[in-house]
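The values are calculated or read from the model by the stated rules, or taken from the named source; none is laboratory data. Computed from a predicted model, the values in this text were never measured in an experiment. Here the Cβ positions follow ideal geometry from the backbone for every residue, glycine too, while neighbour counts run over all protein chains shown.
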Amino acid sequence: MSLTGVLKLTAMLLACTAVAGCNSEKLPRLGRVSGTVTLDGQPVSDASIMFEGAKEGEPPSLGRTDASGKYELYYSRGHKGATIGEHAVNISTYQAGSDEAPDAKKKETIPSKYNVKTELKETVKRGSNKIDFELKGGGEIIQPDQPEPKAKKKGK
């Protein structure tokens, strides 16, 4: 899937999560999740954190870091936490600008192994879960609004 496709899917999941918070369906079992995100020992502010659904078809849980890198996850509007089980985790500082707020655009500063090519996995248990992410810099950083580089052809 292309980066644009991933971003569109994420936006769609955010919309579905907001809608899910408004219905009266029974919520799955959730564990509260909070922690801190650092990159090379420094707090990462204003980053989005997404724990993908533990089971296929489950919506993701989302959060955003504050100035000190602290975050808390929300399953849906008014419901804190994430579903019980193992989740792939995406952490990103990228924010697309808009016609109304072009200054809101922010470049990605987190290596792709923590977002579009995530290697992060975390298990959420019942009760409170303190999950800190101590990310390391270096490696590929992909800007979602940039075209993907074309594969180089092998010489003859």
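Observations on the structure shown:
- Residue match in segment 45-57 (condition: in contact with a Cys (Cβ under 9 Å, 6 or more places away or on another chain), assigned to a strand (DSSP E or B) and under 24 Å from Arg29 (Cβ atoms)): no
- Whichever residue in segment 95-125 is modelled with pLDDT under 95 and touching a helix residue (DSSP H, G or I) at 6+ places or on another chain (Cβ under 9 Å) and, among such residues, is surrounded by the fewest Cβ atoms within 10 Å (Cβ to Cβ): Ser98
- Scanning segment 59-94 for residues that are in contact with an Asp or Glu (Cβ under 8 Å, 6 or more places away or on another chain), among the polar types (S, T, N, Q) and assigned to a strand (DSSP E or B) returns Thr83, Asn90, Ser92.
- Per-region count, segment 110-144, residues in contact (Cβ under 8 Å) with a residue 60 or more places away in the chain, within 26 Å of Gly53 (Cβ to Cβ) and within 18 Å of the chain's Cα centre (by Cα): 13
- Here segment 75-93 is the region considered, the condition is being without any contact (Cβ under 8 Å) to a residue 40 or more places away in the chain and not aliphatic (A, V, I, L, M), and the residue that is surrounded by the most Cβ atoms within 10 Å (Cβ to Cβ) is His87.
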